[in-house]
Every structure is written in C-alpha cells, then in structure tokens.
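Engineer: Here you go, one structure.
The values are calculated or read from the model by the stated rules, or taken from the named source; none is laboratory data. Computed from a prediction, not measured in an experiment: that's the story for all the values here. Because the Cβ atoms are built from the backbone with ideal geometry, glycine has one as well, and the counts that use them run over all protein chains shown.
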Amino acid sequence: MFSKRAKATAGTIAALTAAVLGLSASPASASGTYSGLAYVYGAGVFADDWGNEGIVDQSHNTVSNATCLWQKILYADGFLAAGDIDGDFGPQTAAATELWQSVHTTAEPDGSAGQITWTAAGKLLRNSSNTTTGNTVSFYNGSLYDFYLTRDSNGYYHFPDGNVDDRIAGYNYRTC
C-alpha cells in the first residue's frame, strides 16, 4: 500500500512530466499553422504563399537558410545591413524583426518571424515570369531594394546569396 506522500509525489511527477511534454511542442506545430515542410514553400498565387511557414527566431530554426531568406527581407526593407545576412538569427536580427513587424503587421512586435510575419512578407511578393525549366521567378518588393526569388516545380523557394544564385530556403540547414 502506498502512503499519501508517495501518491502525492507520483501525482506531482506526472503533472510536471505532462507540463514539460506540453511545452516541448513547437508553437507553430501546436497551433496547426505550420505546413511541416522542410523548405519555404508556395504554390499558385505568390501573395498567399507564405501563410503557413515555420517560425524563425532565436529559439526555432535559428541557424538556417530560411533565416537567411528572412534576413534578406529585413535588408530589402532597410532594417538590416547586407553584411548581417548570415543565416544566424541573433539579437540583431530579432531587433530588426521587431522593427519590421511594427511597420508591416498589425500584431504586437515580438522579434519572431512566425505565421503573421511570414504572411505579411508574402503579400510583398510579386510574380515576374516563368522559365523554360518550370521555375517561376518572383521578386520581393522591399521598401529600399527588390530581390528576385525562384519557386521550383516542387514549390520550394530559392534565393540569391552573394555570388551564388541558388540557395534553397530550408529550415534544417545553412549554406548561406
């Protein structure tokens, strides 16, 4: 027979375990808004492509090509210097993201590029042309600079980075 203290301890441990497991789910996954794809993805009309992207911030996909793409957006809108595009979401990128959010979204700025922020950025994409390889060329219409992107036949976004014209915007790796 277990004592009341042992039962209480077991109950406390079970509650703490459940709480920890609940916190371990990523916010995008828990809310059901993240597509779950390993790449920044789109199909059809460009302006609604990025409404279900994953989070990039100091806790999620921190070092990735998706972060590098987000930094290019911050640069195009004048919130980050070109030399700060490194695919690492540090404090400077977080601060620039908050500034970007204060201009482009109606949500409270939090320094995290999640669904609301990616959706707002996606509304600034413009279709340009189709290529003979089946890729669609678009450009991000920044307030200071535009930059082109391609969306391949799988729907994955590619972007230029320095002398390399074809970085795939993925969440699980960094090559930029």
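Yes/no per residue for (1) touching a Ser or Thr at 6+ places or on another chain (Cβ under 6 Å); (2) among the charged types (D, E, K, R); (3) assigned to a loop (DSSP other than H, G, I, E, B):
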position: C68; (1), (2), (3): no, no, no
position: K72; (1), (2), (3): no, yes, no
position: F79; (1), (2), (3): no, no, yes
position: E98; (1), (2), (3): no, yes, no
position: E108; (1), (2), (3): no, yes, yes
position: I116; (1), (2), (3): yes, no, no
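Engineer: On to the next question. I need the full set of residues from the range 156-176 which are at pLDDT below 90 and within 24 Å of G114 (Cβ to Cβ), in order please. Lay out the reasoning, then the answer.
Structural biologist: Initially, the range 156-176 is screened for residues at pLDDT below 90, giving 160-166, 176.
Answer for the range 156-176, where residues must be at pLDDT below 90 and within 24 Å of G114 (Cβ to Cβ): D161, C176.
Engineer: From the set of residues in the range 39-59 that are under 11 Å from the mean Cα position of the chain (by Cα) and among the small types (G, A, S), which is modelled with the highest pLDDT?
Structural biologist: G54
Engineer: Out of G111, G87, G78, which single residue is at pLDDT 95 or above and surrounded by fewer than 17 Cβ atoms within 10 Å (Cβ to Cβ)? Step through it out loud before you land on a result.
Structural biologist: Numbers: G111 fails: surrounded by fewer than 17 Cβ atoms within 10 Å (Cβ to Cβ); G87 fails: surrounded by fewer than 17 Cβ atoms within 10 Å (Cβ to Cβ).
Within the list G111, G87, G78, the selection yields G78.
Engineer: Continuing with the same structure: Kindly list the number of the only condition in (1) within 15 Å of the chain's Cα centre (by Cα); (2) farther than 22 Å from Y148 by Cα that fails for Q92.
Structural biologist: Every listed condition holds for Q92 apart from (1).
Engineer: Exactly one of these conditions fails for N154: (1) part of a loop (DSSP other than H, G, I, E, B); (2) surrounded by fewer than 19 Cβ atoms within 10 Å (Cβ to Cβ); (3) within 16 Å of the chain's Cα centre (by Cα). Give me its number.
Structural biologist: In the conditions (1) part of a loop (DSSP other than H, G, I, E, B); (2) surrounded by fewer than 19 Cβ atoms within 10 Å (Cβ to Cβ); (3) within 16 Å of the chain's Cα centre (by Cα), N154 misses (3) alone.
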